[in-house]
Amino acid sequence: MLCTTILLGAIYTYDQLSERQQHKFPLLASRLFQDKAAFNDVNFQPLRSQVKSYLANTHVDHSFYFEYLFTGSTIRDGDSNQLVGASLMKIPIVMDLYKAVEENKVSLDKQVTVPDNIINSNDSQYGNVSHLKSGDKIKLGDAAKIALSESDNTAAYTIFNATQGMLPSQDQSLNNLDIETQSGDSSKGPLVLISSRSYSSILQCLYFSCFLNEKDSQSILNYLTMDSTDNTRIRAGVPNNVQVARKLGSFGNITQSDCGIVYVPNKDYLLCVLMNENGQSADHHIKDLSAMVYKYVNGLN
């Protein structure tokens, strides 16, 4: 009887600690703080057919990836197609900064100067909400927040410039996660081509805290929930009371994207869509796909 009481007490204490940890990091995977969890298999075939039919009717080059984060079930369509990542690539830049901080190579409180050789700093297409300019001073932590929550190019480039050489190549997020990318060039500067499946690995790694510690993973995801650029695409396809940690990307009227984690209570999922389409049309398509996915997942028992 005493042993049973001690065992039950230990389980109760563990559950309390797990709940506290999960409450502290609500944007991370709940399984990180649970010894056991009931993740039931779900049939996604009806949604898979619906998504594939919709995408086929758009007649647009695309890369689509969905993952139900409790079971790992996926829906893929053109998921290996590599399209222009554009502002999606701000997340790995910030992840590398936080990794350098964790390794005591720099501080988020370090004040740096916005460099002179900013690429396309005046291109509003890529976001420069904070209106940073060459010679301005900013703390790296503030630059990280602006780069993600306002999709600010100048802040992202300032971080990239300030952290060059701090991490060995193999320790940088894209290489550490073995993510496939291609490089390209355009009149707007260098390009990174990436698929929805590869990009989703970045979000998964934040969600499961596999590259950064829990505190830093939570911080980055929190900035992504604060995205103030607009309420279109994935965000427009779910109710306002559902939290979304997402990053948009736009490359002129050529490639549009939105990738994020949608926090449906006990049914978190990841959605990443890249389309070679103009902004208005892509907004419409991604919103439709987002609404389609949310309706199905939210209706799961």
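The values are calculated or read from the model by the stated rules, or taken from the named source; none is laboratory data. Not measured: the values here are computed from a predicted model. Using ideal geometry, Cβ is built from the backbone for each residue, glycine included, and neighbour counts are taken over all protein chains shown. Note: areas computed on protein heavy atoms with side chains; ligands, DNA, RNA excluded. Shrake-Rupley method; radii C 1.70, N 1.55, O 1.52, S 1.80 Å.
Taken over the stretch 209-252, the criterion of being over 13 Å from the mean Cα position of the chain (by Cα) and hydroxyl-bearing (Ser, Thr, Tyr) is satisfied by Ser228, Thr229, Thr232, Ser250.
Conditions tested, residue by residue: (1) hydrophobic (A, V, I, L, M, F, W, C); (2) at pLDDT 80 or above; (3) closer than 22 Å to Val262 by Cβ.
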site	(1), (2), (3)
Leu28	yes, yes, yes
Phe33	yes, no, yes
Asp41	no, no, yes
Leu83	yes, yes, yes
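Number of residues in the stretch 238-291 that are assigned to a strand (DSSP E or B) and under 18 Å from Ser196 (Cβ atoms) equals 23. Checked against (1) out of contact with any Lys or Arg (no Cβ under 7 Å at 6 or more places or on another chain); (2) open to solvent by less than 60 Å² (accessible area, probe 1.4 Å); (3) at pLDDT 95 or above; (4) not in a helix (DSSP H, G or I), Ile118 passes all but a single condition, namely (3). Residues in the stretch 267-296 that are of a type in the set (Ser, Thr, Tyr) and within 19 Å of the chain's Cα centre (by Cα): Tyr269, Ser290, Tyr294.
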